[in-house]
Amino acid sequence: MSAAISPNGVRALLADGRVVMVRTITSADADAVLSLHMRLSEHDRYLRFFGTGTRVLDAITRRIARTANGTHAAVGAWLGEQLVGVANYEAMLGATTAEVALVVDGTVQARGLGTLLLEHLASMARHHGITRFVAEVLAENRRMIQVFADTGLPYRMSTLEPERHVEISLTADERFAAAVDERDRVADVASLANILRPKGIVVVGAGRRPGSVGHAVLRNLIDGGFTGRLTAVNPHADEIAGVPCRPSVAELTEIPDLAVVCVPAASVPDAVEECGREGIPAVVVISAGLSGTNLATHVLASVRRHGMRLVGPNCVGVVNTDPAAHMNATFTRGDVPEGGVGIVTQSGGVGIALVELLRQLGLGVSTMVSTGDKYDVSGNDMLLWWRQDPNTAAVVLYLESFGNPRKFSRLARGLARTKPIIAVRSAESDVVQRAAASHTAAAATPAVTRDALFEQAGVIAVDTVSEVTDVLAALAWQPLPAGNRVAILSNAGGAGVLAADACVHNGLVVPRLSQMTQVALAELLPAQASLGNPIDTTAGVDAATFGACLEVLLADDDIDAVLAAGVPTALADPVTATATLAMKRRKTVLMARPGQLASVTGFGDGTGPATASFADPAAAAAALGRVAAYARWRRQPVGTATEPVDIQLGEAWTLVRDFLRAEPDGGWLAPDTAMRLLDLFGIPAVRSIMAADADSAVTALRELGGPVAVKVVAAGVLHKARAGGVTLNVATEEELRATVAAFRDRFGDAVQGVLLQPMAMPGRELIVGVDSDDTFGPLVLFGLGGTDTDLIADRVARLTPLCDVDAERMVHGLRSSTALFGGDHPLPTEGIVDVLTRISRLAETIPEVAELDLNPVIVRQHGCQVLDARVRLVPREPADPFLRRLRA
């Protein structure tokens, strides 16, 4: 979202869950601003103005309610039709410090409105170059002082005077992000309580016949034992299935917390408007057929006007199996099993399938929200809910779109530290960006961006619904593995071989067993048994022997997990011994039983499941590989965002502003200007001189000395080496003039000049790039560079901001990383990690960067250096990833 608030405003939540509209104050709001100040109590007026008089209010109102510009801005919050809070700042022309003031209606104080307004005002101020707020506050105005402290922004305050001087830095650091997320969590949970823990529900459009959706929703609420008040709206019935009916929402005797709307699409706008008018704070719209029509516009207008929360439309409904609620407000078939899995899905079909698969597995649901067309409540809302929900142990997501991926990344990363998140990847075409101009943009397909988001946030990504249950089964009854070293124990050689191969394909290591372990196994097994890894016990061993072998493997400190793969024989079912040992949860133990009817099931010793048993060893290995990767992510440190002190941000902004002033539609920076931009961010780049013609090129050669690389600068030529626009080791004036002439012959009138650079020392060629997406923000890519970047396509990607740990993971995340940065002669990683974090900072602070391609970046034993850079700028408003707002 732009730092400038939309003229129509954005919806945001108070700490008690109520919805306010936040927008810029204009001259048309003067009467509302005056009314707000007149409503202040005498004490509040004294705290705000250091006096109780009202004569100054007209002048103050005029000052607040004037057009926003670089030196003045004001934002207000409306609760319904009433303005309940205003924050404004005033600055001198060209100044970076502004005086801030804040006033909140006494009826909504201590509800988080002050911090909310301050967040939005600070976002506007940053957009206009303001870096600090100052305020004078009476020492006794403890509530206002607390607002400043609670923002999470760095601040300092004088302590001796009765009038305290407060200075607030507008730097949005990690502490500020954490404070915003916590405020968001408190407000969102309070708001979602009306949806997931309602004290009363009305089903609007509950049909009398069992075949209707409304009737099915009502019946599920009844059969599920909903603990609150239940009513229905149907103008043709007094009661349905024993539930009292009213002709309309307006005739309800009690106002419920939640309305479930199941009427035809054409009737939905009137139904939602009536719910809002009667004060119902939340609606679930089951009905489909609204999106892309004026019906959707009218529904959203009602939601905004009345401050409602909305699930759907075009959804299955919502579920909360908590015994305190017992709410099944869906039209799924049968009951929803109670359990610890939270589900949010845009596809109702996926949600229904997950419920059935969990039922078959013996697991259940804590809460499920089918977001459908996702006008308001989204996956981000549910991530906040599950963070505090003790009934949820794991989370499943099916998201076809991301409204605020930067927020998703922060929330998912925090939740995944304690609760695994499994996401089903929705299908997306990789074709859409193949024609992009640079290597980097061509690599940054939507799937790459989405997967980078998941990987950074610790989300376990799968491709099918059945893989969801595979992973959940692997997580449900066993501890997370301490590493990725797997021993495979089997009484069927083929099953063991298949399992070993699948483990390797899924990033697991099948190590050679230690001599001690092999000796211990040899004492238990017949001579014809195979003691390598996988271990083939032979088909003749009994359950006790198989269990003893498993004990040996679990005692080996070089083994992190065991996959027991076997089949029953006429002699015994050896893997039954696995259940007893798996129950002890010393290490991760999974089973594969080829031939079992269910693809995956819980397997135990009669007292309950001890571990997961898979029909296919490959499925067991895939689930174990994903769980091991997730466990590795959890073990790694969180990391900290780095802020290099030598960045010349002001000069960089000036460079970008000057370019876009000359090129309003944007374009590619000249090569020497691109190198200058890198220099301003402290990124080591080879010295470059731009020359318009042969004579100026000769002057540049004399200045640089020695042999140089000469690169053509020509319109439409981005990949110069591929086009024949690079000549190396040019040492004399004659060679240089001949090179310039050859370029003009080859590229004709497109030639704009040449770029001269000293010949660089050889090294390993890598690529670092940025592709900026309007939804996801900047994506940083890293991989093999030079010609290898096209031939091998060995790359990794991460979304900004990159912390130090993110950059380290990128460096070691290539298929070739072990060869490059390990072995007997490893390349140093410090320089490339520094480049990655600086590029991340460049992309964050210069949102106008649409594409950036550093290729090659030469890495040597004594550091790294950029030899070529391409940067494309476009006019773009900066986005504020921390700004709290609702979707609708």
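The values are calculated or read from the model by the stated rules, or taken from the named source; none is laboratory data. This structure is a prediction, so every number in the text was calculated from the model and none was measured. Using ideal geometry, Cβ is built from the backbone for each residue, glycine included, and neighbour counts are taken over all protein chains shown. Just so you know, the surface numbers come from the protein's heavy atoms only, side chains and all, with ligands and any DNA or RNA stripped out. Shrake-Rupley method; radii C 1.70, N 1.55, O 1.52, S 1.80 Å.
Length gain on complete extension for the stretch ALA237 to LEU93, per 0.36 nm per residue less the alpha carbon to alpha carbon distance? Walk me through the numbers before you get to the answer.
Working: separation 144, 0.36 × 144 = 51.84 nm, distance 6.75 nm.
Length difference between fully extended and current span is 45.1 nm.
Taking the DSSP beta bridges in the chain as the whole, what percent of them are antiparallel, to the nearest 5?
On the way: 95 of 149 bridges.
Antiparallel bridges: around 65 percent, rounded to the nearest 5.
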Worksheet item: What is the extension gain from GLU174 to ALA615, computed as 0.36 nm multiplied by their sequence separation minus the C-alpha to C-alpha distance, in nm to one decimal?
Response: 154.2 nm
Response to the item:
Between GLY200 and residues 5 or more places away or on another chain, the pairs with built amide H atoms under 5 Å apart involve ARG229, ASP257, LEU258
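Express the relative contact order of the chain as a whole percentage, based on alpha carbon pairs under 8 Å and six or more residues apart in sequence.
On the way: 1894 pairs, mean separation 75.7, N = 888.
Across the chain, relative contact order equals 9 percent.
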Practice prompt. Under 1.5 on a/c is rounded, so check that first for segment 256-299, then, if it is not, pick prolate when a/b is larger than b/c and oblate when it is not; a ≥ b ≥ c are the square roots of the alpha carbon gyration tensor eigenvalues.
Written response: prolate
Discussion item. At a threshold of 8 angstrom on Cα-Cα distance, excluding pairs fewer than six apart, so keeping six or more, what relative contact order does segment 703-815 reach in percent?
Written reply: 21 percent
Practice prompt. Can you check what the net charge comes to around ASP573, using other residues whose Cβ is under 14 Å from the Cβ of ASP573 (Lys, Arg +1; Asp, Glu -1)?
Written response: -1
Worksheet item: Lys/Arg Cβ at +1, Asp/Glu Cβ at -1, dipole of the chain taken about the Cα centre: which of PHE603, ALA77, PRO778 is farthest positive-ward?
Response: ALA77
Worksheet item: At a 1.4 Å probe, what is the % contribution of carbon and sulfur to the accessible area of the chain?
Response: 53 percent
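Stretched out fully, how many nm does the piece from ASP451 to ARG156 gain, at 0.36 nm a residue minus the Cα gap? Kindly include the intermediate steps, with their values, before the conclusion.
Values: separation 295, 0.36 × 295 = 106.20 nm, distance 4.11 nm.
Extra length from ASP451 to ARG156 when fully extended: 102.1 nm.
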Response to the item:
With the charge dipole of the chain built from beta-carbon charges (+1 for Lys and Arg, -1 for Asp and Glu) about the Cα centre, the Cα from LEU415, VAL567, CYS262 projecting farthest to the positive end belongs to CYS262
Response to the item:
Given the candidates PHE454, TYR375, ALA715, the one whose Cα lies deepest towards the positive end of the charge dipole of the chain, counting +1 at each Lys or Arg C-beta and -1 at each Asp or Glu C-beta, is TYR375
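Add +1 for every Lys or Arg and -1 for every Asp or Glu among the other residues with Cβ under 9 Å from the Cβ of ARG809, and state the total. Walk me through the numbers on the way to the answer.
On the way: positive: ARG798; negative: GLU455, ASP806, GLU808.
Taking every other residue near ARG809 into account, the sum is -2.
Compute the FRET efficiency between ASP58 and THR131 as 1/(1 + (r/R0)^6), taking r as their Cβ-Cβ distance and R0 = 45 Å, and round to the nearest 0.05. Write down the numbers at each step before the final one.
Details: r = 32 Å, r/R0 = 0.71.
Rounded to the nearest 0.05, the efficiency is 0.90.
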Worksheet item: Which FRET efficiency, nearest 0.05, do THR67 and VAL686 yield, Cβ-Cβ r, R0 45 Å?
Response: 0.40
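Enter the accessible area per residue of segment 266-414 (Å², integer; probe 1.4 Å; all protein chains in place).
Values: 4590 Å² over 149 residues.
Heavy-atom accessible area per residue stands at 31 Å².
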Discussion item. What does the net charge come to around ASP270 if you take all other residues with beta carbon closer than 15 Å to its beta carbon, with K and R at +1 and D and E at -1?
Written reply: -2
Item to complete: Go through segment 605-615 residue by residue and turn each phi into a ³J(HN,Hα) via Karplus (6.51, -1.76, 1.60, θ = phi - 60°); whole Hz please, and just put x for glycine and proline.
Response: 9, x, 9, x, x, 10, 7, 8, 10, 10, 6
Worksheet entry | Size of electric dipole in the chain: Cβ of Lys, Arg +1 and of Asp, Glu -1, about Cα centre, debye, nearest 20 | 1160 debye
